[in-house]
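The values are calculated or read from the model by the stated rules, or taken from the named source; none is laboratory data. Quick caveat: nothing in here was measured; it's all calculated off a predicted structure. All Cβ positions, glycine included, derive from the backbone under ideal geometry; neighbour counts span all protein chains shown. Just so you know, the surface numbers come from the protein's heavy atoms only, side chains and all, with ligands and any DNA or RNA stripped out. Shrake-Rupley method; radii C 1.70, N 1.55, O 1.52, S 1.80 Å.
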Amino acid sequence: MKFYYDPASSYCQRVLIALYEKDIPFTPIKVSLFDPEAREEYKKINPFAKIPTLETDSGEIFFEACIIIEYLDRQFPQQPCLLDPERILEIRSIERIIDVYINGGRQVLFDDSQRELELRGKKEVIKARRLLETACSLLDDRLQSQTWLVGEQFSLADCTAAPTLSYLRLVYDYQHLPNLTNYMRRLESRSAVARVQREGRVRMNQMLASLAYPLQLAPLAQSVC
């Protein structure tokens, strides 16, 4: 099984967390979409030239992080079960909230951080921030009485949250939300998440340093009991 990815991509990181959590053997293939020749070659695998992509041993091709994770969970039923059938709608709902409102809002705030100062903070940025804050508060409320986003079992929702919340700290500080902050610490103390973050951190910081307005990843959260 081949996994085409970039270690700094949050979508690729979601799948890597699932692969490491379930201890699934795979062949990692790094993709450089900024290299025109490599990009054209990769389009033979994924015509959309997007990452990640999973190619199975039988030649099946899967795009999109959440679809790949669902395939892995079905084909490799060992624990953890990332899509509990009894809570599947709840898991998918939380995954969508994270992707649409938190990750989407993060991208808007990131783009805004690279504009000239006098052009920042327009109406669409204010709206994106409001929706992002609403979503973060919703997660904080959920985490008041449970370990993971959907109960006591690590799931697809947590695979999605880990890289999203890590990169969110570039442009939005959620330390005022104690449950969400402690949840991020739990995530970063989990071996699969820590491994993925280490693998992508150097490349991401290199990319951030080259921006018109350079940014730097926040220090990793300290482990908690």
| task | Pop out the ³J(HN,Hα) list for the stretch 32-37 in order, Karplus 6.51 cos²θ - 1.76 cosθ + 1.60 with θ = phi - 60°, rounded to Hz; leave Gly and Pro as x. | result | 9, 6, 7, 8, x, 5
| request: Whenever you get a sec, line up E95, E40, E86, E199 from highest to lowest accessible area (probe 1.4 Å, protein heavy atoms). | output: E86, E40, E199, E95
| Other-chain or far-sequence residues with amide H under 5 Å of W148's (modelled H) | Q153
| Considering the stretch 158-208, what Rg and Dmax in Å follow from its alpha-carbon atoms? | 11.1, 31
| For the stretch 66-75, what does the Karplus curve 6.51 cos²θ - 1.76 cosθ + 1.60, with θ = phi - 60°, yield as ³J(HN,Hα) per residue in whole Hz, taken in order and with x for Gly and Pro? | 5, 5, 4, 5, 4, 4, 4, 5, 6, 7
| message | At 4 °C and a viscosity of 1.567 mPa s, what translational diffusion coefficient does Stokes-Einstein give for the stretch 83-194, taking Rh as the Kirkwood radius over Cα pairs? Give it in µm²/s as a whole number. | response | 89
| message | How big is the dipole moment of the chain about its Cα centre under a simple scheme where the beta carbon of each Lys and Arg is +1, that of each Asp and Glu is -1, and everything else is neutral? Debye, nearest 20, please. | response | 500
| field | Relative contact order %, the stretch 1-72, counting alpha carbon pairs below 8 Å whose residues are six or more apart | value | 39
| Local charge sum around E199 (other residues, Cβ-Cβ under 13 Å, Lys/Arg +1, Asp/Glu -1)? | +4
| field | Estimated Rh, the chain: Kirkwood, alpha-carbon pairs, angstrom | value | 18.3
| request: For the stretch 131-225, give the percent of accessible area contributed by carbon and sulfur heavy atoms, probe 1.4 Å, rounded to a whole number. | output: 50
| query | Accessible surface of L33 in the full protein assembly, 1.4 angstrom probe, to the nearest 10 Å²? | reply | 40
| said: Students often forget the sequence filter, so: which aspartates and glutamates lie under 13 Å Cα-Cα from K122 once same-chain residues fewer than 8 apart are removed? | reply: D111, D112
| task | Would you tell me the accessible area of D141, worked out with a 1.4 angstrom probe on the heavy atoms of the protein chains, in Å² to the nearest 10? | result | 100
| field | Efficiency of FRET between D173 and I88 - r from beta-carbon atoms, R0 35 angstrom, step 0.05 | value | 0.60
| query | Could you work out the helix-only [θ] at 222 nm for the chain, with each DSSP H run of four or more residues adding -39,500 (n - 2.57) and the total divided by the number of residues, to the nearest 500 deg cm²/dmol? | reply | -16000 deg cm²/dmol
| message | Using C-alpha positions alone, give me the convex hull volume of the stretch 34-81 per residue in cubic angstrom. | response | 88
| field | Per residue, in Å², the accessible surface of the stretch 27-121 once ligands and nucleic acids are set aside, probe 1.4 Å | value | 60
| task | Note down the accessible area of L220, probe 1.4 Å, to the nearest 10 Å². | result | 60
| request: Could you list, in their original order, any pairs among K22/K44; K2/K22; K22/K43 whose Cα atoms are separated by more than 20 Å? | output: K22/K44; K22/K43
| request: Give a residue-ordered list of calculated ³J(HN,Hα) values for the stretch 20-29 (Karplus: 6.51 cos²θ - 1.76 cosθ + 1.60, θ = phi - 60°; whole Hz; x for Gly, Pro). | output: 6, 4, 8, 6, 8, x, 7, 9, x, 10
| Given H placed 1.01 Å from N in the peptide plane, which residues other than close sequence neighbours of Y172 have an amide H under 5 Å from its amide H? | none
| said: Can you sort M184, M204 by solvent-accessible area, 1.4 Å probe, largest first? | reply: M204, M184
